[in-house]
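**Q** Take a look at the following structure, please.
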Amino acid sequence: MAKFTKEQIEKANSVSLEEYLMCHGEELKQSGNEFRWIYRDSQGEHDSVCIKNNRWYDHKNQKGGYTISFLEEFYGLDFKGAMAELLDNTTLQMEVPYHAKSKPAFILPEKSKYNYKVYEYLVGKRYIRQEFVDFFVSKGKIYQGFQFNNIVFVGTNPNGIPKSASMKSPYNSFRSTVKGSDMNYGFCHRGNNEQLYVFESGVDMLSFMTLKEDLEKGNSYLSLDGLSQKAMLRFLKEQKNIKHIHICIDHDVAGIETYDKFYDMLSEKGYVVNRLLSKNKDWNEDLKELHGEIPKLAVPHPKIEQYKKVAEKMIAMRHRPSEYNTFRDEYVEKHGLRFLVRGVCSEVKKLEENVDDDKKRNQSIVWLIDLSITAICLCDAEKTYEMVLQELIAKYKPYTDKNKLRKRLVAISALGEELWQEFQTMGMCNVEKWLAMVDLEIRLKIYFDLEYPKEMERLEKLKRMKSGDCNLS
């Protein structure tokens with residue numbers, strides 16, 4: 001890798017992401033004092049990435065950084081490629097200084113004398129029960145802003161002191177977090193029993209209460225104002241009484257991934273965690289449906305659905321008469337596990353050689369999956385082909401499946417070599433390692449089915465722009 005000076009790295013990281021994306025024809029939508037990047041991938045259209053000057057943050061995946069890491073994350077460039085791309089276009093506006101700017105003081109938006117827009121919006125348009133709105137208005141946790149009549153949701157610490165606030169327009173889709181907010185605190189109600197209910201927004205939290213027809217004051221309720229874990233972790237640190245956590249975030253791709261992250265993290269800390277799913281996309285959509293409106297539907301995770309489809313195709317292939325099945329069965333009968341381990345190692349090499357050939361690549365991955373599952377069934381007579389796949393589907397968590405091509409190939413190759421060495425040493429292989437191998441192989445199949453085409457499309461677009469379709473200078 002080429003060595004770059006600290007000054008060169010700072011210069012590249014100072015390139016305005018706003019200008020870079022606009023020049024490359026990307027769609028940006030103004031949201032308060034920042035932009036949301038509208039992009040599309042295998043999971044649909046997203047607006048979870050916020051752009052401000054030379055910084056970005058992806059609320060869905062809870063990661064961010066500066067311009068270099070943006071090109072690495074979304075354009076598939078390595079560090080060297082990102083540096084070359086940015087230093088080659090130094091005529092783009094620079095945001096100086098590159099280092100983080102000081103955080104502004106937190107000041108609550110000025111209150112209106114009235115709250116009629118609060119009730120008109122939350123009760124009239126969102127169908128939330130008035131008694132719940134009354135409760136939070138009386139606590140000063142919901143009020144109508146003086147400017148623009150925004151609905152303000154206030155996050156407080158255990159002493160009731162305001163620490164954060166989010167605003168929602170009663171007229172349109174505008175939403176924003178108040179400058180200087182401490183995101184360790186969210187809009188909430190602190191109870192005294194062991195139950196905590198966690199939501200993405202204040203509106204969802206109030207909608208859930210309305211649907212359950214009760215504000216059980218013994219329970220705790222918390223809005224994250226997004227999907228960050230910060231407010232939840234601080235809440236749990238301060239509320240030692242909490243033992244049971246009910247995750248009530250949106251029934252969509254981001255919600256599915258975030259629940260799995262929360263479950264793994266919180267279970268490890270000793271909490272009892274479960275998920276409460278709305279029928280539609282979120283709890284307010286359920287409420288709307290009850291009042292005769294057409295709701296936004298729940299969104300399944302495309303990777304989970306594709307994992308199931310790959311499993312179904314593998315089972316169908318296994319039971320369909322073919323030359324391959326006959327060949328495999330004959331050689332397994334003659335040579336046992338040795339044939340399967342060597343076959344996997346051989347197909348891994350073929351896969352690496354033919355990664356750009358769609359047909360050969362796909363054939364190698366399918367054969368790898370089949371040989372690996374066959375090895376599991378040979379090593380553990382109690383497992384069937386179908387059982388192996390169902391076990392893996394149940395364990396699959398898309399948030400752990402974010403690697404790019406090179407890391408996936410390296411992981412499969414390394415595990416294949418490990419299985420071969422283990423077989424040579426002991427004449428057998430660990431079943432858990434075989435299960436991990438199958439999982440890696442199915443993940444690779446999903447990657448090529450869903451993500452690889454989009455990555456190639458984005459890189460091709462970048463190449464076209466560099467060749468003259470857009471004059472960056």
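**Q** Looking at segment 155-165, is at least one residue open to solvent by 20 Å² or more (accessible area, probe 1.4 Å), modelled with pLDDT under 95, over 30 Å from GLY292 (Cβ atoms) and not in a loop (DSSP other than H, G, I, E, B)?
**A** The answer is no; no qualifying residue exists.
**Q** Mind telling me which of the residues LEU450, LEU444, LEU459 ends up being modelled with pLDDT under 90, open to solvent by less than 80 Å² (accessible area, probe 1.4 Å) and within 23 Å of the chain's Cα centre (by Cα)?
**A** When all the criteria are applied, what remains is LEU459.
**Q** While we're on this one: Tell me which of these ALA414 doesn't satisfy, since it passes every other one: (1) touching a Gly at 6+ places or on another chain (Cβ under 9 Å); (2) modelled with pLDDT of 95 or more; (3) surrounded by fewer than 16 Cβ atoms within 10 Å (Cβ to Cβ).
**A** (1)
**Q** If you don't mind, another one. State whether one or more residues within segment 138-161 are within 21 Å of TYR121 (Cα to Cα), touching a His at 6+ places or on another chain (Cβ under 9 Å) and among the charged types (D, E, K, R).
**A** Looking for residues that are within 21 Å of TYR121 (Cα to Cα), touching a His at 6+ places or on another chain (Cβ under 9 Å) and among the charged types (D, E, K, R), one finds at least one in segment 138-161, hence yes.
**Q** Among the residues in segment 210-221, are any closer than 23 Å to GLU257 by Cα and among the β-branched types (Val, Ile, Thr)?
**A** Taking every residue of segment 210-221 in turn, none turns out to be closer than 23 Å to GLU257 by Cα and among the β-branched types (Val, Ile, Thr).
**Q** Here is a list of conditions, (1) open to solvent by 50 Å² or more (accessible area, probe 1.4 Å); (2) modelled with pLDDT under 85; (3) farther than 23 Å from GLN8 by Cβ; (4) not acidic (Asp, Glu), and ALA84 meets all of them except one; can you say which number that is?
**A** Result: ALA84 fails condition (3) only.
**Q** Being out of contact with any strand residue (DSSP E or B) (no Cβ under 7 Å at 6 or more places or on another chain), surrounded by 14 or more Cβ atoms within 10 Å (Cβ to Cβ) and modelled with pLDDT under 95: is that true of VAL341 here?
**A** On the way: out of contact with any strand residue (DSSP E or B) (no Cβ under 7 Å at 6 or more places or on another chain): yes; surrounded by 14 or more Cβ atoms within 10 Å (Cβ to Cβ): yes; modelled with pLDDT under 95: no.
In short, no.
**Q** In segment 168-177, which residue that is within 24 Å of the chain's Cα centre (by Cα) and open to solvent by less than 40 Å² (accessible area, probe 1.4 Å) is modelled with the lowest pLDDT?
**A** Top of the filtered list is SER176.
**Q** Related question: How do the pairs read when you match residues in segment 127-138 that are in contact (Cβ under 8 Å) with a residue 12 or more places away in the chain with residues anywhere that are open to solvent by less than 60 Å² (accessible area, probe 1.4 Å) and of a type in the set (Lys, Arg), using Cβ under 7 Å and keeping only pairs 6 or more apart or on different chains?
**A** If the second residue must be open to solvent by less than 60 Å² (accessible area, probe 1.4 Å) and of a type in the set (Lys, Arg), the pairs left are TYR127/LYS288.
**Q** Filter segment 291-331 for residues that are of a type in the set (Ser, Thr, Tyr) and either open to solvent by 50 Å² or more (accessible area, probe 1.4 Å) or assigned to a helix (DSSP H, G or I) (or both) and give the result. It would help to see each step written out before you state the result.
**A** The initial filter retains those residues of segment 291-331 that are of a type in the set (Ser, Thr, Tyr), namely 307, 322, 324, 326, 331.
Passing the criteria: TYR307, TYR324, THR326, TYR331.
**Q** Could you list all residues from segment 247-287 that are in a loop (DSSP other than H, G, I, E, B), under 24 Å from TYR185 (Cβ atoms), open to solvent by less than 20 Å² (accessible area, probe 1.4 Å) and not charged (D, E, K, R)?
**A** CYS248, ILE249 - these are the residues of segment 247-287 that are in a loop (DSSP other than H, G, I, E, B), under 24 Å from TYR185 (Cβ atoms), open to solvent by less than 20 Å² (accessible area, probe 1.4 Å) and not charged (D, E, K, R).
**Q** I'd like the full set of residues that are buried (at least 23 other Cβ atoms within 10 Å of the Cβ) and in a strand (DSSP E or B), limited to segment 224-246.
**A** Passing the criteria: only ILE245.
Yes/no per residue for (1) of a type outside the set (Val, Ile, Thr); (2) open to solvent by less than 90 Å² (accessible area, probe 1.4 Å); (3) touching a Leu at 6+ places or on another chain (Cβ under 8 Å):
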site: GLU333; (1), (2), (3): yes, no, no
site: LEU351; (1), (2), (3): yes, yes, yes
site: LEU371; (1), (2), (3): yes, yes, yes
site: ILE376; (1), (2), (3): no, yes, yes
site: THR384; (1), (2), (3): no, yes, no
site: PRO398; (1), (2), (3): yes, yes, no
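The values are calculated or read from the model by the stated rules, or taken from the named source; none is laboratory data. Owing to the predicted nature of the structure, the values given are computational and were not obtained by experimental measurement. Using ideal geometry, Cβ is built from the backbone for each residue, glycine included, and neighbour counts are taken over all protein chains shown. The accessibility values were calculated without ligands, DNA or RNA, using every heavy atom of the protein model including side chains. Shrake-Rupley method; radii C 1.70, N 1.55, O 1.52, S 1.80 Å.
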